[in-house]
1. Identify all residues within the range 25-69 that are more than 18 Å from Gly96 (Cβ to Cβ) and of a type in the set (Ser, Thr, Tyr); write none if there are none.
2. Do we have Asn62 as modelled with pLDDT of 95 or more, touching a helix residue (DSSP H, G or I) at 6+ places or on another chain (Cβ under 7 Å), not in a strand (DSSP E or B) and not small (Gly, Ala, Ser) here?
3. Restrict the check to the range 38-50 and report whether at least one residue is crowded, with 16+ Cβ neighbours inside 10 Å and over 19 Å from Lys91 (Cα atoms).
4. With Ala69, Ala75 as the choices, which residue is over 21 Å from Lys91 (Cβ atoms) and in a strand (DSSP E or B)?
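The values are calculated or read from the model by the stated rules, or taken from the named source; none is laboratory data. Computed from a predicted model, the values in this text were never measured in an experiment. Ideal geometry is used to build each Cβ from the backbone, glycine not excepted, and the neighbour counts take in all protein chains shown.
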Amino acid sequence: MVSSRPYLIRAMHEWILDSDLTPYILVDANYKDVVIPLEYVEDGKILLNVSPGATQNLNLGNEFVIFSARFSGKAMEVSFPVDAALAVYAKENGRGMMFNTDGSDDEPPSSDPAPSDPSAPGSTTSGTTQGSTPAPNKKPSLKIVK
């Protein structure tokens, strides 16, 4: 299956611009094939303004994000793999989306119990269904990132 990350980046970028806000992308500066101005890296990350006024020739592709920008008046070509994007959000209100860093963005959670687990709901022992109840589902949680 094709990664959903580039589609989500494009959608969030468009939504932020449609809301008259400034789109920012947080990038893992240590990711392979990242071309960025290293003097602006903090804690292994760089925050990039990807608004039309800050970039030229912005290409939010399926494999790479590529654009030209000025950093302290110096023009530079910036590029990074979409998998290096950690978050995309609006500068003004922080609304946006964070991405998993473990590469599991596109893997849906498994809903089928392992067949070797005899205590799993629906598994059978000697042709009878066990009456155990499923483990409670974990509730999702959100963190505010500023």
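1. Tyr31, Tyr40, Ser68
2. Yes.
3. Taking every residue of the range 38-50 in turn, none turns out to be crowded, with 16+ Cβ neighbours inside 10 Å and over 19 Å from Lys91 (Cα atoms).
4. Ala75
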